[in-house]
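This report refers to the structure that appears directly beneath it.
The values are calculated or read from the model by the stated rules, or taken from the named source; none is laboratory data. Just so you know, these numbers come straight off a predicted model, no measurement behind them. Here the Cβ positions follow ideal geometry from the backbone for every residue, glycine too, while neighbour counts run over all protein chains shown.
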Amino acid sequence: MLKFNPVSGLETASLKKTLPKYLTLEESMQLLKSIETKNTERDYCIITLFLNCGMRLSELCGLDLTDVNLEERTVRLLGKGGKERIVYLNQACTDALKDYFNVRNTTGTQSDALFLSSRKKRISRRRVEEIIEECLQKAGLSNTGVSVHKLRHTAATLMYQYGNVDTLVIKDVLGHKSIATTEIYTHLSNEKVKEAMNANPLSKVIQKSDKKNN
């Protein structure tokens, strides 16, 4: 038996972290504007909640009517490990929910589920995935590699890039257990990096052609 580890001094290769895919602000607007389905109010509301609240697929499908409080503008989510958290709803979310409720209230269903299928039962995860796929295709965004989970990434990225929201706040919104999981979004601010580079007073200095030929 060896008394020492012969590879103890070797450096191990670090695993490359891949940045999550997400929709840009323009693509997100394009998606929202193109939603027109057999259940437009429901599907628009679903996508609006994904893009604004960053909730997980399981959290959205598990929502009950009692989890939504329009008066206080909050929604209660049941996350991983049965951990509950409260997410505040912005104007876009409350408007989308009100429009959906106007339609849902005419179904006459006794279901406690917030989002219903065409059979008036709780909507399934697979059906939501199909809705997102259909809407992305109609918006001309089916080649972006974006899925339901990527809409969660989109919400976090837009909050960080355009809302200047602190990563600790985003952590709470998304229900991350560790801040390390949230910090990946700090590497996605390409637009801000581009703006910073273009703001440099030397960015428009171009070498004269006569000097190039010397």
Exercise for the section: Would you confirm whether any residue within region 49-68 is out of contact with any Leu (no Cβ under 6 Å at 6 or more places or on another chain), at pLDDT below 95, acidic (Asp, Glu) and within 22 Å of ALA155 (Cα to Cα)? Expected result: no
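This table checks each residue for (1) surrounded by fewer than 17 Cβ atoms within 10 Å (Cβ to Cβ); (2) in a helix (DSSP H, G or I).
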residue	(1), (2)
ASP43	no, yes
ILE46	no, yes
MET55	no, no
LEU60	no, yes
GLU71	yes, no
Handout entry: Hits in region 94-105 (condition: closer than 19 Å to GLY54 by Cα and either assigned to a loop (DSSP other than H, G, I, E, B) or without any contact (Cβ under 8 Å) to a residue 12 or more places away in the chain (or both))
Key = ASP95
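Please tell me if TYR88 is among the aromatic types (Phe, Trp, Tyr) and in contact (Cβ under 8 Å) with a residue 24 or more places away in the chain.
For TYR88, the condition - among the aromatic types (Phe, Trp, Tyr) and in contact (Cβ under 8 Å) with a residue 24 or more places away in the chain - is not met.
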Fill in the blank from the handout: In the set SER142, SER124, the lone residue that is among the polar types (S, T, N, Q) and either under 16 Å from VAL87 (Cβ atoms) or under 18 Å from the mean Cα position of the chain (by Cα) (or both) is SER142
Completion exercise
SER118 passes all but one of the listed conditions (1) modelled with pLDDT of 85 or more; (2) part of a helix (DSSP H, G or I); the exception is number (2)
Completion exercise
Subset of region 32-41, residues among the acidic types (Asp, Glu) and assigned to a loop (DSSP other than H, G, I, E, B), comes to GLU36
Fill in the blank from the handout: Scanning region 78-105 residue by residue, those modelled with pLDDT under 90 and of a type in the set (A, V, I, L, M, F, W, C) turn out to be LEU78, ILE86, VAL87
Practice task
Please give the number of the condition SER111 fails out of (1) small (Gly, Ala, Ser); (2) loosely packed, with under 14 Cβ neighbours inside 10 Å; (3) part of a loop (DSSP other than H, G, I, E, B).
Solution key: (2)
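Each row is one residue, and each column tells you yes or no for (1) outside any loop (DSSP other than H, G, I, E, B); (2) surrounded by fewer than 20 Cβ atoms within 10 Å (Cβ to Cβ).
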| site | (1), (2) |
| --- | --- |
| ASN52 | yes, no |
| GLY81 | yes, yes |
| ALA92 | yes, yes |
| THR107 | no, yes |
| VAL128 | yes, no |
| GLY145 | no, yes |
Exercise for the section: Only residues in region 147-168 that are under 11 Å from MET55 (Cβ atoms) count as the first member; pair them with residues that are among the charged types (D, E, K, R), Cβ under 9 angstrom, at least 6 apart or cross-chain, and list the lot. Expected result: VAL148/ARG56; VAL148/ARG125; VAL148/GLU129; VAL148/GLU133; HIS149/ARG56; ARG152/ARG56
